[in-house]
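Okay, so here's the structure we're looking at.
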Amino acid sequence: MKSKFQLILKKSFVRNVIVMVTGTAAAQAISMVLSPITTRLYGPEAYGLMGSFIAIVAILVPIASLTYPIAIVLPKSDLEAKGLIHLSLTISTIIAGIMFIILLLFNQTIINLFNLSEIRGFVYLIPLAILFAGILQVTEQWLIRMKQFKISARVTFIQALITQGSIVCIGVFYPLASILVIIQSLKDGLKAFLIMLFMRKKEGNKLLKINNKQYSRKILLKKYYEFPVFRAPEAFLNALSQSLPILMLTSFFGPASAGFYSICKTVLNMPAQLVGKSVGDVFYPRVAEAANNKENVTGLIKKATLILAFIGIIPFGIVIILGPWLFRLVFGVDWIDAGEYARWISLWSFFALINIPSVKSLPVLSAQAFQLKYTVFMLVTRLVLLGIGYYFFNNDKIAIALFGISGALLNLGLILITFKISKKFDKVRVGKN
């Protein structure tokens, strides 16, 4: 038994996942320790306004670079990967500039639409947050390509320490929604800066020396056209389905409801951030390598999915059973309704966690067109059910229940369809061999 365990630990995939999980766990520990303080300092309405701001940014972030950074892992040549870095940064700058112009022209309309009057002066941070997100996407994907998972783990911890510490320290004197918004706007920029700082120590200026003479923008745009054509719209729609609940809850039931939802998602995203993202970041280059080496891709996806299911069943099961009591105990009596939300969102979050290997595999399986269509279906279905909860029942808890159940079923459907696609993928390659 001991020898088998040692054999498993020697595998690079397992070691890399452990490194990523360790860094993320340390960061999550900071958030967990400080969250009971921040929720009591700021309250549901401040969290709701911050959640609305983050929701707007989150909708735009996936298209900040038209998802070209995801392609950085794929080329065999570092020169081509650096060409993609240059292309991604150029697109991010252009999109951030366009967003700034839109805000200048339609500032009041956006504020009224999303109930952001209390933080009206800070909406101009949205373009900056988009630009920082684009830079972070590039630096994170380069880390994954270089398999520098230790740096990623270290940076994740330091970023959490600085951002969460700042929220508490400043909140003692100024517990305002605007403070939360400012810190959230700068968070990705801080992480990107830390990554570049550590990478510079590791490999000099290798990341910054971008020579794209061999791979012109035109060639790269054509070669990786699937990312802006299929992946970017899919990522945008997926972010829309994740963020619209907050914006709709703010509009339908007020900032406090959005605050309940925001703290729910923050807490329930911890397993996904702790294990899911770590597994996903390591799994993506591994499944790409497996496809290039004609290994069994379906087996890899199934194993990763089952491991995540085994890990996720306990924390999400506890929240389903004890949600209201836990939230009242940890965050205070003002947050008991968030515990009711959490019961239903846990269903969706569990299947979203075990869905990560499937989602990471779809670009490798050349199934991004399918992913786009399925995401459209998911978005329409879930938002219709959320609307039914408001217009027919006028009850936020019923709306969240319908939203959570539909999210669980739709993510399960995507997993099963991905298995089917991967089997065909493996079969075709066996036939070619």
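Derivation of every value follows stated rules applied to the coordinates shown; laboratory data play no part. On a predicted model such as this, the values are computed, not experimentally measured, just so you know. Note that we place each Cβ from the backbone using ideal geometry, even for glycine, and neighbour counts take in every protein chain shown.
Rounded if a/c is under 1.5, else prolate if a/b beats b/c, else oblate: with a ≥ b ≥ c from the C-alpha gyration tensor eigenvalues square-rooted, which is the range 58-185? Oblate, because a/c is 1.5 or more while a/b does not exceed b/c.
Rounded to whole numbers, the Karplus 3J(HN,Hα) couplings from phi for the range 38-55 are 5, 5, 6, 6, 9, x, x, 5, 5, 5, x, 5, 4, x, 5, 4, 4, 4 Hz, using 6.51 cos²θ - 1.76 cosθ + 1.60 with θ = phi - 60°, and x at Gly and Pro. Computed over the range 338-383, the P(r) tail beyond 13 angstrom holds 67 percent of alpha carbon pairs. For the pair Leu113 and Val330, label points projected 7 Å from Cα toward Cβ lie 3.4 nm apart. The helix-based estimate of mean residue ellipticity at 222 nm for the chain, built from -39,500 (n - 2.57) per DSSP H run of four or more residues and divided by its residue count, is -28500 deg cm²/dmol to the nearest 500. With the biggest extent put first, the Cα atoms of the range 328-433 measure 63, 32, 15 Å across the principal axes.
Counting only other residues whose beta carbon sits under 15 Å from that of Asp334, what net charge do I get with K and R as +1, D and E as -1?
On the way: positive: Arg40, Arg328; negative: Glu45, Asp337, Glu340.
That sum, taken over residues with Cβ under 15 Å, equals -1.
Measuring nothing but how far apart in sequence close Cα pairs (under 8 Å, 6+ apart) lie, relative to its length, the range 257-404 scores a relative contact order of 29 percent.
Helix 149-173 axis versus longest C-alpha principal axis of the chain: approximately 10°, rounded to the nearest ten. Remark: relative contact order (the chain) = 22 percent; criterion is Cα-Cα distance under 8 angstrom and separation of 6 or more residues.
So, by mean Cβ neighbours within 10 angstrom, what's the order for 125-131, 394-400, 305-311, 137-143 with the highest one leading? Before the final figure, lay out the partial values.
Details: 125-131: 22.1, 394-400: 19.0, 305-311: 16.1, 137-143: 23.7.
Those peptides, ordered most packed to least, come out 137-143, 125-131, 394-400, 305-311.
Per the Debye formula on identical point scatterers at the alpha carbon atoms of the range 98-163, with no solvent, log10 I(q)/I(0) at q = 0.16, 0.21, 0.26 Å⁻¹ is -0.70, -0.86, -1.07.
Let a ≥ b ≥ c be the square roots of the eigenvalues of the Cα gyration tensor of the range 359-415; is it rounded (a/c under 1.5), or, if not, prolate (a/b larger than b/c) or oblate? It comes out prolate by the Cα gyration axes. Note on the range 233-339: Kirkwood radius taken over Cα pairs, Stokes-Einstein applied at 10 °C and 1.306 mPa s, translational D equal to 97 µm² s⁻¹. Given the chain reduced to its alpha-carbon atoms as identical point scatterers, what log10 I(q)/I(0) does the Debye formula return at q = 0.10 Å⁻¹? For the chain, the Cα-only Debye profile gives -0.71.
Charged neighbours of Val376, selected by a Cβ distance under 12 Å, balance to +1 (K, R count +1; D, E count -1). For the range 62-113, the Kirkwood estimate of hydrodynamic radius, built from reciprocal distances between every pair of different alpha carbons, is 12.5 Å.
Take the Cα radius of gyration of the range 264-393 and divide it by 2.2 N^0.38 Å, N being the number of residues; the result is 1.25.
Normalised by the number of residues in the range 321-433, the mean separation of alpha-carbon contacts (under 8 Å, six or more apart) gives a relative contact order of 31 percent.
For the range 362-367, the Karplus equation 6.51 cos²θ - 1.76 cosθ + 1.60, evaluated at θ = phi - 60°, returns couplings of 4, x, 5, 7, 6, 10 Hz by residue, with Gly and Pro reported as x.
Each of Ser251 and Leu416 was given a label point 7 Å from its Cα along the Cα-to-Cβ line. The distance between the two points is 3.3 nm. Between Arg120 and Ile98, the modelled labels are 2.8 nm apart [label points 7 Å from Cα along Cα→Cβ].
Counting Lys and Arg as +1 and Asp and Glu as -1 over every other residue whose Cβ lies under 11 Å from the Cβ of Ala129, the net charge comes to 0. Taking the Cα atoms of the range 17-101, the ratio Rg/Rh between the radius of gyration and the Kirkwood radius comes to 1.12. The phi torsions of the range 307-323, fed into the Karplus equation with coefficients 6.51, -1.76 and 1.60 and a -60° offset, translate into couplings of 4, 5, 5, 5, 6, x, 5, 6, x, 5, x, 5, 5, 4, 7, 10, x Hz, rounded to whole numbers, with Gly and Pro shown as x.
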